Amino acid sequence: MIKVCKFGGTSMADAKAMLQAKSIIESDSSRRYVVVSAPGKRNKGDIKITDMLYRCYNEVVETGTCAKSFAIIKERFIQIVKDLGLTFDIESILNETEKQIDEEKSADFSASRGEYLSARVFAELLGAKFVDSADMVRFDSRGNLNQEYTDDKVKTCLENVDFAVIPGFYGKGSNGKIKTFSRGGSDISGSIVARGVKADLYENWTDVSGFLVCDPRIVPEAKVIKSLTYKELRELSYMGASVLHSESIFPVMKSRIPINIKNTFKPDDAGTMIVPTEKYEDDTNNSIITGIAGKKDFTVIYIEKSLMNSEVGFIRKVLSVVEHHGLCIEHVPSGIDTLSLVLESEQLKDGILNDLVNEIRENVNPDYVHVIENVSLIATVGHGMTRRSGTAAKLFSALAKEGINIKMIDQGSSELNIIIGVNNSDYENCIRTIYNAFN
Ligand code: ASP
């Protein structure tokens, strides 16, 4: 049995948290490969080391040296090592790192050093081997993970190592320079290692006891989801459920390695199991709805044209305009003579929305184009809906009773989710209403 454990920023935040993570690892000898984040926040007002490192980069660009911002990072790591009672010479490593940040002048390199330093200290604490992800994780020239190369490297670097600590969040680009994933990317690193060592389980240790059915700031009594499938997870995390990076499932997906979200500070809680397809056998709640997640601030461009359905190439022409602007589309709900494009409003700033609408008018000559802004998307996700009637009826009647106006509906043919668009001002009420309807 091999388990890969990834510990997030709060689990690495200070000596106390690191010792807690150590006791978890030592309580199970199958926990052999440990991936770590940079130290995160110790309390609400605290600053994450990664954020401090981005400041270091800005300081280098502006002044030529990161000395001022790096001093805070130095102090924090020296304190951690001291509190852990280690005799490890972290000061030399910190000085070398500071010099490299000044020389490299790269945002990715600077940001990656939090995980690097964290892993160096944690490896020392555990008596494990430090194995650098720069030697294993590789991106291609387009910035995507080079899975084949990475798999091979993880295998060769770790096959003769019994116990290792690996920094998350970064690898090397095709130019040989350090490159990071997007924020929260250590979750992806953990998944890469789990796949590479053919782990039986990928444990993702964080500061909550798993995924909740919905955001507890909106529904304080929201229950923990005992199990969900990769696909459900992808839908929920893409739509804003932030426990795990939305791309973390891809590396483990093919190998069908389950992911267990666990709480470092409540290790006895079962957490959430993320499994390839069917429900986890321990899951007795067997509900129709697995989770509800959503995001605010979308724009809907509604296009109407008579006989649109018989005009060959109509949708392609509309999509080409969007593609030409390099924009991503979230959804394309359509009717016989209507087509809507749903895009993140953030992408449409600085006159882009106007340009887009004008170009659509020029290219497809529609009868009518209408823009609806301040739209929230809410996804109600659950394999339980598949081939079961009445789910949509229940959802929509509950919303109707609350007087919530639905601006858009999209249900994929997988029947895995129902996505609706509502006014931003109805967002919280909508999530609460859906939760209450199914619980
Ligand atoms: N430390 C990085 C961040 O704050 C990566 C991670 O923790 O996953 O985004």
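For this structure, a couple of remarks:
- Criterion applied to Ala107, Ala111 was being surrounded by fewer than 20 Cβ atoms within 10 Å (Cβ to Cβ), under 21 Å from the mean Cα position of the chain (by Cα), within 13 Å of the ligand (Cβ to nearest atom) and closer than 30 Å to Thr63 by Cα, and the one residue passing it is Ala107.
- Single residue of the range 114-160 satisfying the filter (of a type in the set (Ser, Thr, Tyr) and away from the ligand (no atom under 16 Å from the Cβ)) that is most open to solvent (accessible area, probe 1.4 Å): Ser141
- Among the candidates Thr63, Thr87, residue that is of a type in the set (Ser, Thr, Tyr), open to solvent by 50 Å² or more (accessible area, probe 1.4 Å) and modelled with pLDDT under 95: Thr87
- Every condition in (1) in contact with a Gly (Cβ under 8 Å, 6 or more places away or on another chain); (2) not in a loop (DSSP other than H, G, I, E, B) is met by Gly143 except one, and the failing one is (2).
- First in the range 44-56 and within 16 Å of Ala71 (Cβ to Cβ) and in a helix (DSSP H, G or I), second anywhere and charged (D, E, K, R) and more than 9 Å from the ligand (Cβ to nearest atom), Cβ under 7 Å, 6 or more apart: Ile49/Arg76; Leu53/Arg113
- Pick from the range 222-257, criterion surrounded by fewer than 18 Cβ atoms within 10 Å (Cβ to Cβ) and of a type in the set (A, V, I, L, M), ranking: nearest to Tyr427 (Cα to Cα): Val224
- Within the range 161-177, the set of residues being in a loop (DSSP other than H, G, I, E, B) and within 16 Å of the ligand (Cβ to nearest atom) comprises Gly168, Phe169.
- Residue count for the range 15-43, restricted to those that are more than 16 Å from the ligand (Cβ to nearest atom), part of a helix (DSSP H, G or I) and out of contact with any Asp or Glu (no Cβ under 7 Å at 6 or more places or on another chain): 8
- Scope the range 44-68; condition within 13 Å of the ligand (Cβ to nearest atom) and either in contact with a Cys (Cβ under 7 Å, 6 or more places away or on another chain) or among the β-branched types (Val, Ile, Thr) (or both); matching residues: Ile47, Ile49, Thr50
- Top-ranked residue in the range 179-207 [being in contact with an Asp or Glu (Cβ under 9 Å, 6 or more places away or on another chain) and open to solvent by 30 Å² or more (accessible area, probe 1.4 Å); ranked as nearest to the ligand (Cβ to nearest atom)]: Ser182
The values are calculated or read from the model by the stated rules, or taken from the named source; none is laboratory data. Nothing here was measured: the structure is a model prediction, and the numbers come from that model. Cβ coordinates were reconstructed from backbone atoms using ideal geometry, including for glycine residues, and neighbour counts include every protein chain displayed. These accessible areas exclude ligands, DNA and RNA; they are computed on the full protein's heavy atoms, side chains included. Shrake-Rupley method; radii C 1.70, N 1.55, O 1.52, S 1.80 Å.
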